[in-house]
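Report on one structure; see the data block that follows.
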């Protein structure tokens with residue numbers, strides 16, 4: 001995967017574990033929290049549009065990514081995505097999720113700017129980002 | 001007050017009572033004066049009494065007044081007390097009022113405070129409600145903006161894809177997806193500039209599929225298109241990514257090799273392509289065979305610009321076709337003259353068809369055992385107004401490539417039938433006349449109809465006509481070929497396989513198709529009996545034909561040794577210079593009458 005100097009990309013990459021058997025669960029958890037934040041700003045329709053577009057673009061690299069329409073129920077929004085992750089090896093699922101998140105946030109940043117997008121990510125994943133920062137400090 | 005005592009004076013008889021009728025006093029007697037004095041006294045007394053009474057009354061009144069005063073005083077004293085009480089009451093009242101007011105104020109204050117908080121809460125609630133509404137509206141607006149932007153991105157992407165698709169269409173062939181003529185010319189121009197700058201060579205190959213027209217005409221354009229796609233895939237697999245393989249149109253392809261070191265490298269590439277196309281193409285349940293003729297030009301020796309290089313490669317390609325097809329030729333300057341001649345021939349053929357400048361020659365076929373002429377093969381010649389008699393080898397390939405073979409073949413069939421009929425009518429021995437049929441004619445939709453019409457028009461019996469077909473004509477598509485051959489056979493027409501042994505390698509058609517005759521190619525016959533291999537092959541072909549109940553004819557018999565060998569092998573018939581060259585109809589009529597010279601037949 002291409003490397004990037006963007007803080008946002010670094011955040012996403014830092015949140016994706018190297019390998020875990022619960023890759024699908026980890027991925028969906030990140031999406032659920034991100035969706036909650038995005039919904040509060042652009043509504044369900046806005047999120048669904050961004051998400052569908054991101055899936056479409058990511059499918060060129062990972063054709064097996066969920067292609068079906070999002071179910072109307074909000075709590076089942078990521079069911080298809082989870083199933084498609086579960087059908088792959090954890091490493092591949094995580095790599096695909098990383099690309100999907102980067103694609104999603106790339107589009108979002110192109111609409112609302114890099115700064116606001118990064119703030120939203122902090123709001124969505126604040127704890128994890130703080131933990132990561134703490135771990136990094138410990139490691140330093 | 002009414003007087004009630006003191007003298008008892010009565011008011012009823014008082015003469016002095018003042019009224020208008022009483023006497024004047026100066027004239028009143030003493031008694032009267034006494035009475036008057038008495039009365040005056042009485043009056044005084046009365047007045048005193050009255051006065052006393054008045055004094056008493058006054059005293060009484062004063063007493064009353066005093067009492068009243070006292071009472072008033074008391075009353076006055078009560079009032080202050082009352083006032084005091086009142087004041088106390090007032091104070092108490094004021095206190096109560098103050099307390100009340102204070103309480104009320106306090107309560108009011110509380111109420112006001114409570115109301116204020118209520119207002120604040122209410123205001124906050126209203127603000128919250130308004131904020132929620134605004135947030136909801138903002139979310140909705142944001143959602144619309146996001147969706148609209150994403151949709152706009154998608155549409156922009158679709159427009160871009162459409163643009164790229166259009167650009168691709170403009171520079172690529174729709175059928176094969178290969179670069180088209182336009183793109184090749186552009187790349188060739190760039191490659192020439194680079195080669196010029198770096199002092200390098202480049203190569204252009206012009207490729208034309210052999211006899212593609214026949215497949216297209218006989219099997220239909222859909223099959224032809226699939227074959228072109230299959231050929232394109234194979235050609236593409238033969239070249240490097242830096243090379244450009246393009247479809248020029250029809251069955252023509254071009255290859256640009258932008259960097260070459262030696263001409264030998266190009267030859268290797270051409271060989272690779274020929275080999276790649278050698279395997280059959282499996283299309284629509286058919287195994288289709290197609291070969292390609294390749295012409296090669298090299299920059300800078302064969303041309304300094306793209307147009308010249310392409311023209312040189314094209315010329316070399318025609319040269320490859322004339323030299324047996326399925327091969328490649330490098331361009332040589334001498335080919336240009338030949339190309340010019342080729343165009344000249346094509347134009348001349350068109351005029352010859354209009355002016356009927358063709359003539360048929362007939363070569364005898366004899367029964368090898370009896371020596372009797374049993375048939376004649378009609379061979380076309382071109383009576384050129386300036387060049388004289390032109391042999392078929394010089395114009396038939398051009399006629400095939402240009403499609404002129406079709407009207408030429410029909411003319412030939414008609415002429416041969418008319419001639420055979422004329423010989424019969426002239427009382428000459430009955431023979432069959434053989435006519436060569438090209439693949440283009442055989443594949444024509446009205447081929448059978450034309451044969452029937454020709455036989456009907458000329459009055460020739462079908463059994464007197466023999467159609468000679470090459471193996472490559474028969475291999476095109478088994479099912480329609482078989483149907484057509486059966487129809488011809490049912491008409492009574494004889495069918496011969498011409499140039500047997502040189503074409504298609506499958507022999508299954510021999511049992512599948514209603515074939516009557518095998519004509520062994522002269523290339524085998526010419527080397528017998530000296531060449532053991534060829535002798536073995538000829539022997540085998542004769543044996544096989546006889547086993548299959550087919551008549552076997554050996555072509556190209558030129559020597560008595562060949563004749564003897566064929567006779568020994570039980571070959572049925574022979575044809576060649578040894579028995580007779582092709583000749584005009586009149587000469588053939590004479591030969592029919594005289595027969596083959598006995599000296600020739602005596603071995």
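The values are calculated or read from the model by the stated rules, or taken from the named source; none is laboratory data. Everything quoted here is computed from the prediction, not taken from an experiment. FYI the Cβ positions are ideal-geometry reconstructions off the backbone, even for glycines, and counts take in every protein chain you see.
Before moving on, here are some points about what is shown:
- Pairs, first free of Cβ contacts under 8 Å to residues at least 40 places away in the same chain in region B:343-370, second in a helix (DSSP H, G or I) and surrounded by fewer than 18 Cβ atoms within 10 Å (Cβ to Cβ), C-beta under 6 Å, six or more apart: none
So that you can scan it fast, the table gives a plain yes or no per residue for (1) under 21 Å from the mean Cα position of the chain (by Cα); (2) assigned by TED's automatic domain parsing to the domain that holds residue B:288; (3) free of Cβ contacts under 8 Å to residues at least 60 places away in the same chain:
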| residue | (1), (2), (3) |
| --- | --- |
| B:167 | yes, no, yes |
| B:193 | no, yes, yes |
| B:209 | no, yes, no |
| B:216 | no, yes, yes |
| B:232 | yes, yes, yes |
| B:245 | no, yes, no |
| B:248 | no, yes, no |
| B:253 | no, yes, no |
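- Among (1) under 30 Å from residue B:589 (Cβ atoms); (2) in contact with a strand residue (DSSP E or B) (Cβ under 7 Å, 6 or more places away or on another chain); (3) in a helix (DSSP H, G or I), the one test that residue B:468 misses: (3)
- Only one entry of B:130, B:159 meets the criterion of being at pLDDT 90 or above, out of contact with any strand residue (DSSP E or B) (no Cβ under 7 Å at 6 or more places or on another chain) and either outside any helix (DSSP H, G or I) or more than 13 Å from chain A (Cβ to nearest Cβ) (or both), and that entry is B:159.
- Among the residues of region B:564-599, those that are in a helix (DSSP H, G or I) and in contact with a strand residue (DSSP E or B) (Cβ under 7 Å, 6 or more places away or on another chain) comprise B:566, B:585, B:588, B:591, B:592.
Conditions (1) surrounded by 18 or more Cβ atoms within 10 Å (Cβ to Cβ); (2) farther than 19 Å from residue A:26 by Cβ; (3) in contact with a strand residue (DSSP E or B) (Cβ under 6 Å, 6 or more places away or on another chain); (4) modelled with pLDDT of 90 or more, marked per residue:
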| site | (1), (2), (3), (4) |
| --- | --- |
| A:105 | yes, no, no, yes |
| A:110 | no, yes, no, yes |
| A:126 | no, no, no, no |
| A:137 | no, yes, no, no |
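- In region B:493-507, residue farthest from residue B:481 (Cα to Cα) [restricted to those that are surrounded by fewer than 16 Cβ atoms within 10 Å (Cβ to Cβ) and at pLDDT below 75]: B:505
- Residue B:176 vs. criteria touching a helix residue (DSSP H, G or I) at 6+ places or on another chain (Cβ under 8 Å), part of a loop (DSSP other than H, G, I, E, B) and either within 14 Å of another protein chain (Cβ to nearest Cβ) or surrounded by 15 or more Cβ atoms within 10 Å (Cβ to Cβ) (or both): yes
- The residues of region A:51-73 that are within 14 Å of chain B (Cβ to nearest Cβ), in contact with a helix residue (DSSP H, G or I) (Cβ under 6 Å, 6 or more places away or on another chain) and at pLDDT 90 or above, listed by number, are A:53, A:54, A:57.
- Criterion violated by residue B:402 - all others in (1) in contact (Cβ under 8 Å) with a residue 60 or more places away in the chain; (2) under 41 Å from the mean Cα position of the chain (by Cα) satisfied: (1)
- Verdict on residue B:376 being buried (at least 18 other Cβ atoms within 10 Å of the Cβ) and more than 56 Å from the chain's Cα centre (by Cα): yes
- Tally, over region A:38-52, of residues that are surrounded by 18 or more Cβ atoms within 10 Å (Cβ to Cβ) and under 13 Å from the mean Cα position of the chain (by Cα): 4
- Of the candidates B:560, B:529, B:582, the single residue that is modelled with pLDDT under 90 and either surrounded by 19 or more Cβ atoms within 10 Å (Cβ to Cβ) or farther than 30 Å from residue B:291 by Cα (or both) is B:529.
- Output for region B:135-156, where each listed residue is exposed (fewer than 11 other Cβ atoms within 10 Å of the Cβ) and either in a loop (DSSP other than H, G, I, E, B) or over 27 Å from the mean Cα position of the chain (by Cα) (or both): B:137
- Comparison of B:225, B:186, B:217 shows that the only residue that is away from chain A (no Cβ under 14 Å), surrounded by 15 or more Cβ atoms within 10 Å (Cβ to Cβ) and part of a helix (DSSP H, G or I) is B:217.
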